[in-house]
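Before any comments, here is the structure.
Nothing in this text is a laboratory measurement; each read-out follows from the coordinates by a stated rule. Because the structure is predicted, anything quoted here is derived from the model rather than measured. Don't worry about glycine lacking a Cβ; one is built from the backbone with ideal geometry, like all the others, and counts go over all protein chains shown.
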């Protein structure tokens, strides 16, 4: 299944626990097409998920308390299995 901001809103955001704030923004004409960004903040963690219109995906998550990066992946459109695995890893970390 294609991962985009609509998929995120319908399938993934409901899996987040209490205490998370989501902020959505849009940027036109980025490196990989238009960009839909989801910023996540909560439980001493934060980061962003970038969905580009050409199918590229970036997930970045930081633990503010420990001061370390938990997840930082940039995946190409054809890496569907890796995209699925990245969202599972993100869910586990949150």
Expressed in angstrom and rounded, the centroid-to-centroid distance over alpha carbons for the stretch 1-51 and the stretch 69-94 is 12
Burial ranking of peptide ranges 23-30, 79-86 (average Cβ count within 10 Å, highest at the top): 79-86, 23-30
Taking 30 Å as R0, compute the FRET efficiency from the Cβ-Cβ separation of residue 10 and residue 89 and round it to 0.05. 0.90
Contour minus end-to-end for residue 23 and residue 76, with contour as 0.36 nm per residue of separation and end-to-end as the Cα-Cα distance? 16.7 nm
Normalised radius of gyration for the chain, please: alpha carbon Rg relative to 2.2 N^0.38 Å, two decimal places. 1.02
